[in-house]
Each structure stands twice: as structure tokens, then as C-alpha cells.
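Chemist: Just dropping this structure here.
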Amino acid sequence: MLPGAEVQVLYLYCHPLPESFHAAIRIEALAGLTEGGHAVDLCDLYAERFDPVMSEEERRRYHDTSRNQTGIEHYVARLRAAEAVVLQFPTWCFGPPAMLKGFLDKVLVPGVSFDISDPQNVRPMLANLKLVAGIVTYGRDRLRAIAMGDPPRKLVMRYLPRSATVKARAQYHALYHMNVASEAKRKGFMASVRQSMARLR
């Protein structure tokens, strides 16, 4: 991605409530991306009624690259087209919501995000992906999240960037202890997210 160039962004949004604080964050984040001149593909997992449950049949064909994209072709195409993936979600039980975890389990399959034909040498396959960004809230403070290993941060900063053929850059925007955050702190977080999205490169 060149300075000033438009970025093709897949925006993975995962929250079920339209009146939530996350909905307000999303408004600001999308406004920032628009200000930055980026092309955004908004994927609202709840609004699109994505089914996160991996069925018996889906698990049986998981390693069969000739069949494992059945039913998810649309999502695979959107993922492959993305130069940047932004994930926005709340932390529940110190991890991402089941909806988002199910999306990753079902869409980042062999032949899409990685080549496991040689199990001794698993290779990443997302050729377009250059950047992964997380916009994440936590009900607990950062020290407690660290004590639990902070899986959401590792998902965004470590795991997903390594799905790119050349390791993608990563950025993380976290609001810890959201349940006791003041209105000023929440507004400051939203403003920071908007600014970061506008500068996304």
C-alpha cells in the first residue's frame, strides 16, 4: 500500500445490538475510513446472519480444498480482495465472541488462508493482506486481561498477520475496563479510533 493510496478494507463487525457502544464506535471508525478515502466492505456478521457453527459435514471436508469453500465462497472472495482487515468486537470471557471465532474457523480454511499440504511446512496464502487492525473493548482492566493471556490482542497482533504471504502489519486499539469508563474516556477512544482509521495505510 502506497502513501495516499486507497486501501481495500474488509471491516468485520461483531456485535448483536444496534444501540450498543460498539455501534457508536463503528460509526466513528467508518467515518474515519471514508475520510481517508478508503474502499470499505462492511461485513456485519449478525446483520448478515452468518452461521458460526461448524457442522459435521463442514468438519469432514475441512481439509479437502476442492470442497471446503462450499457455502462460504462469498466470504472467501471478500477476504481475498482485502488489503486490510479491521476487526471490531467486544471481549467476552476473555476472548472474541463465538460469532467471530466461528467466522474465522469456517472461512480461514486450508487453501484460503494457509496451505497445509505439507504439515511440516504450513504456508500462509493471503497474498493481498498487508494490514490487520483490531478495535476491541474489554469489561475488565488490562492487568486482568494480561493475566489471562489477552487472547484478543494475540489474535489481532500475532495470528492473523501471519496469514499473509508476507507478514502483515498490525495495529490494536483497545478500551480496557469499559464498564467503568467515563463518558470522556469513551469519547476520547472513539475519536482516537476515527483518527487512526483515517490514517490507515
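The values are calculated or read from the model by the stated rules, or taken from the named source; none is laboratory data. Since the structure is predicted, the reported quantities are computational estimates derived from the model, not experimental observations. Because the Cβ atoms are built from the backbone with ideal geometry, glycine has one as well, and the counts that use them run over all protein chains shown. Surface areas here come from the heavy atoms of the whole protein model, side chains and all, with no ligands, DNA or RNA. Shrake-Rupley method; radii C 1.70, N 1.55, O 1.52, S 1.80 Å.
Chemist: Roughly how many Å² is the accessible area per residue of the chain, as a whole number, for a 1.4 Å probe?
Modeler: Details: 10260 Å² over 201 residues.
Ligands and nucleic acids excluded, the figure is 51 Å² per residue.
Chemist: If you don't mind, there's one more thing I want to ask. What percentage of the solvent-accessible surface of region 139-181, computed with a 1.4 Å probe over protein heavy atoms, is contributed by carbon and sulfur atoms? Numbers along the way, then the final one.
Modeler: Numbers: 1410 of 2560 Å².
Answer for region 139-181: carbon and sulfur cover 55 percent of the accessible area.
Chemist: Could you give the nm distance between label points at ALA147 and ASP115, where each point is 7 Å from its Cα heading toward the beta carbon?
Modeler: 4.5
Chemist: Counting only protein heavy atoms and a 1.4 Å probe, tell me what percentage of region 86-125's accessible area is made up of carbon and sulfur.
Modeler: Numbers: 960 of 1670 Å².
C and S atoms contribute 57 percent here.
Chemist: What is the mean projected area of the alpha carbon convex hull for the chain, to one decimal in square nanometres? Write down the numbers at each step before the final one.
Modeler: Numbers: hull surface 46.6 nm².
Averaged projected hull area, Cα only: 11.6 nm².
Chemist: Calculate how many DSSP beta bridges within the chain are antiparallel, expressed in % of all such bridges and rounded to the nearest 5. List each step's numbers first, then the result.
Modeler: Working: 3 of 30 bridges.
The antiparallel proportion sits near 10 percent.
Chemist: Amide H of TYR172: which non-local residues (sequence gap of 5 or more, or other chain) have their own amide H closer than 5 Å, using H built in the peptide plane?
Modeler: GLY134
Chemist: Read phi for every residue in region 48-62 and hand back ³J(HN,Hα) as whole Hz from Karplus 6.51 cos²θ - 1.76 cosθ + 1.60, θ = phi - 60°, with x for Gly and Pro.
Modeler: Rounded to whole hertz, the list is 7, 6, 5, 9, x, 7, 7, 6, 4, 5, 5, 5, 5, 9, 3.
Chemist: Accessible surface of MET178 in the full protein assembly, 1.4 angstrom probe, to the nearest 10 Å²?
Modeler: Per-residue accessible area (MET178): approximately 40 Å².
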